[in-house]
Amino acid sequence: MDLTLLVMAAGLGSRFGGTKQLVEVGPNGEAFLDFAIKDARAAGCTKVVLIIRSDIEDDVAAHLRGQYGSLDGFELVRQDDLGPSRAKPWGTAHAVLSAADAVNTPFIVVNADDYYGPDSYRIAAEAISGGDATTAALVSFEMAKTLPSEGAVSRGVCAVTDGVLDSITETHGIARSDDGVIRSDDPVGEYAEDTMVSMNMFAFPNSLFAHLAAGWETFYAENADTEKTEYLLPDVVDQLRAAGELTVLVPQSSEEWIGVTNPHDLDPAREKLAARD
């Protein structure tokens with residue numbers, strides 16, 4: 001089955017303080033997105049589409065040429081071409097919708113600033129290859145394997161029955177306490193090490209684009225004048241699941257997630273990636 005990798009690389013990186021989707025994390029100058037490209041191609045993806053912003057297009061193109069010699073095999077899509085423009089991007093569902101004309105196959109979508117590991121791409125590809133136009137997949141990770149060395153994070157905590165998604169609860173302030181227990185601030189809770197969480201790694205049938213387009217019309221009509229409200233992919237997935245229009249399988253990855261939220265996360269991420277090389 002033809003399969004596309006869709007990389008969301010249009011974020012502002014405000015907490016990081018720069019364009020973290022291009023920051024060098026690998027021993028050969030690789031960014032996180034280069035590991036995504038390598039692992040997705042190994043899992044069967046035959047096309048790579050990167051969703052970017054106009055102001056970083058030249059930098060992204062230069063990075064790809066530096067790593068791969070040319071832009072052959074890549075397509076760059078500007079999220080801000082799907083109007084109207086505003087200072088803050090319109091969100092992850094809007095980002096994916098902006099790539100509709102570039103994707104004509106089922107696809108795996110990931111963040112450009114996260115490392116998911118090769119096994120995660122393999123199980124995503126397997127999950128979507130066996131489905132139909134109403135079947136998607138959300139690759140889940142063990143919460144303990146997604147926590148940074150310091151600081152608190154937000155994660156989508158998954159409720160799953162027989163391998164199918166029941167709900168995602170966006171949970172904030174997750175960190176390991178001094179007593180070793182993983183706790184959150186909002187909502188307040190305690191979590192087992194292997195609690196299943198979403199890291200925004202999905203596999204979708206191409207039919208998702210029609211749902212995104214319809215949802216965007218409604219969202220924009222209600223939020224045209226806002227500066228920060230976002231059209232978010234997990235929200236759309238949950239709405240479609242609740243309406244019975246999408247069955248979301250939840251295969252679980254054994255990989256350790258690696259990412260950077262703040263500048264102090266960078267050195268630990270580099271060390272972990274170097275150890276995997």
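The values are calculated or read from the model by the stated rules, or taken from the named source; none is laboratory data. In this text, all values refer to a predicted model and were calculated from it rather than measured experimentally. Virtual Cβ from ideal backbone geometry, glycine too; neighbours counted across all protein chains shown.
General observations
- Residues of the stretch 112-125 that are modelled with pLDDT of 95 or more and not small (Gly, Ala, Ser): 115, 116, 118, 119, 121, 122, 123.
- Test result for residue 185, farther than 28 Å from residue 266 by Cα and either in a strand (DSSP E or B) or touching a His at 6+ places or on another chain (Cβ under 8 Å) (or both): no
- With respect to the stated conditions, residue 242 is within 23 Å of residue 109 (Cα to Cα), surrounded by fewer than 17 Cβ atoms within 10 Å (Cβ to Cβ) and more than 21 Å from the chain's Cα centre (by Cα).
- Some residue of the stretch 246-257 being in contact (Cβ under 8 Å) with a residue 60 or more places away in the chain, of a type outside the set (Val, Ile, Thr) and closer than 20 Å to residue 11 by Cα: yes
- Selected residue (only one of 273, 212 is touching a Leu at 6+ places or on another chain (Cβ under 9 Å), of a type outside the set (Lys, Arg) and surrounded by 12 or more Cβ atoms within 10 Å (Cβ to Cβ)): 212
- Residue check: residue 256 meets all listed conditions (1) farther than 21 Å from residue 112 by Cα; (2) part of a loop (DSSP other than H, G, I, E, B); (3) of a type outside the set (Ser, Thr, Tyr); (4) touching a helix residue (DSSP H, G or I) at 6+ places or on another chain (Cβ under 8 Å) but one, namely (1).
- Residues that are touching an Asp or Glu at 6+ places or on another chain (Cβ under 9 Å) and among the basic types (Lys, Arg), drawn from the stretch 57-87: 78, 86
This table checks each residue for (1) in contact with a Phe, Trp or Tyr (Cβ under 9 Å, 6 or more places away or on another chain); (2) surrounded by fewer than 17 Cβ atoms within 10 Å (Cβ to Cβ); (3) among the aromatic types (Phe, Trp, Tyr); (4) in contact (Cβ under 8 Å) with a residue 12 or more places away in the chain.
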{"site": "26", "(1), (2), (3), (4)": "yes, no, no, yes"}
{"site": "49", "(1), (2), (3), (4)": "yes, no, no, yes"}
{"site": "53", "(1), (2), (3), (4)": "no, no, no, yes"}
{"site": "56", "(1), (2), (3), (4)": "no, no, no, yes"}
{"site": "70", "(1), (2), (3), (4)": "no, yes, no, no"}
